[in-house]
Amino acid sequence: SDAQGKEVYIRTAKFVLFHALGLWKNACVKESCTLGSSVFIHVKNAPDFSAQRLKEEVARLVREDIPLRRRRVNLDQAVRWYRENGQQDKAKLLAWRDVDYFDEYVHEDFADYYYGEMTPSTAHLRSWALLPSPEGFIFVLPDPQNPDRVSRYTEMPNFHAVYTEGKDWGELMGCETVADLNEHVKSGKIRELIRV
């Protein structure tokens, strides 16, 4: 029920989700938008993607009570690793850091970081649901009023449509991430982006 605790829980959920999505090696997966107490995750390049299979893998990772170890790595090493593992957006963002190290959480050959603390292990991820959705899935978080239960998911088609349109404009303008925005500012192209 604590705001900081909720953030820790959400970061842990994202770590477990993206770890489980490793079942689809060529998939391009992006967190798209928040819909109430739910998050829509967009999945591309995974023709055999199954929300049910993903749900089973997340449940397995939670059941196994995997310790989430934090480690400090050299920034250049981290940038290189994320590039080699298909996370170009994270590699580009890290290149903007002004310190020479990066902290990440790791399990086996999966490493990632969501800019803050996580729970000690995956077993703390007790209240969640995963629903199929066109072009991806919806991850439902705990109820803010009663964190021991999963929130009730309510469809928000208009809200989702606006976020999707914004995502499409971001792709058209070559500004999908914070790193892209930084590059627009640095190159002087930000004025054109603002005008559009």
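The values are calculated or read from the model by the stated rules, or taken from the named source; none is laboratory data. Computed from a predicted model, the values in this text were never measured in an experiment. Cβ sites come from the backbone with ideal geometry, for glycine too, and all protein chains shown count toward neighbours. Protein only, heavy atoms only, side chains kept; ligands, DNA and RNA dropped before computing areas. Shrake-Rupley method; radii C 1.70, N 1.55, O 1.52, S 1.80 Å.
Tell me, what is the FRET efficiency for residue 117 and residue 195 to the nearest 0.05, using R0 = 30 angstrom and their Cβ-Cβ distance as r? Let's see the in-between values first.
Numbers: r = 40 Å, r/R0 = 1.33.
The value I calculate is 0.15.
If you roll a 1.4 Å probe over the heavy atoms of the protein chains, what accessible area per residue do you get for segment 1-102, in Å²?
Accessible surface, normalised per residue, equals 57 Å².
Go ahead and set up a Gaussian network model of the chain, Cα springs under 10 Å, then flag whichever of 185, 16, 39 fluctuates most.
Checking each option, the largest mean-square fluctuation is seen for 185.
Using 0.36 nm times the number of residues separating residue 96 and residue 75, minus their current alpha carbon distance, what extension gain do you get?
6.5 nm
Rounded to whole Å and sorted largest first, list the principal axis extents of the Cα atoms in segment 54-196.
Largest to smallest, the principal-axis extents are 48, 43, 26 Å.
When Lys and Arg each count +1 and Asp and Glu each count -1, what net charge do the other residues less than 14 Å away from residue 44, Cβ to Cβ, add up to?
On the way: positive: 25, 30, 167; negative: 31, 48, 89, 135, 168, 171, 176.
Neighbour charge sum, excluding residue 44 itself: -4.
Can you compute the modelled spin-label distance between residue 31 and residue 167, with each label point 7 Å from Cα toward Cβ, in nm?
1.4 nm
Give the separation of the Cα centroids, segment 89-120 to segment 124-147, in Å.
24 Å
Please list, by residue number, every one of the GluC sites (Glu not before Pro) in segment 105-196 that is coil in DSSP and has at most 10 other beta-carbon atoms within 10 Å.
108
Quick one: if the Förster radius is 22 Å, what FRET efficiency do residue 153 and residue 126 give, using the C-beta to C-beta distance and rounding to 0.05?
Efficiency, from the Cβ-Cβ distance: 0.80.
I want to check a number: in the chain, how many lysine pairs have alpha carbons closer than 16 Å, given a sequence separation of 8 or more or different chains?
11
Carbon and sulfur atoms: what percent of the 1.4 Å accessible area of the chain do they account for? Please report the intermediate quantities before stating the final value.
Working: 5930 of 11910 Å².
Here carbon and sulfur together make up 50 percent of the probe-accessible area.
Take residue 110 and residue 53, extend 7 Å from each Cα along the Cα→Cβ direction, and tell me the distance between the two endpoints in nm.
1.5 nm
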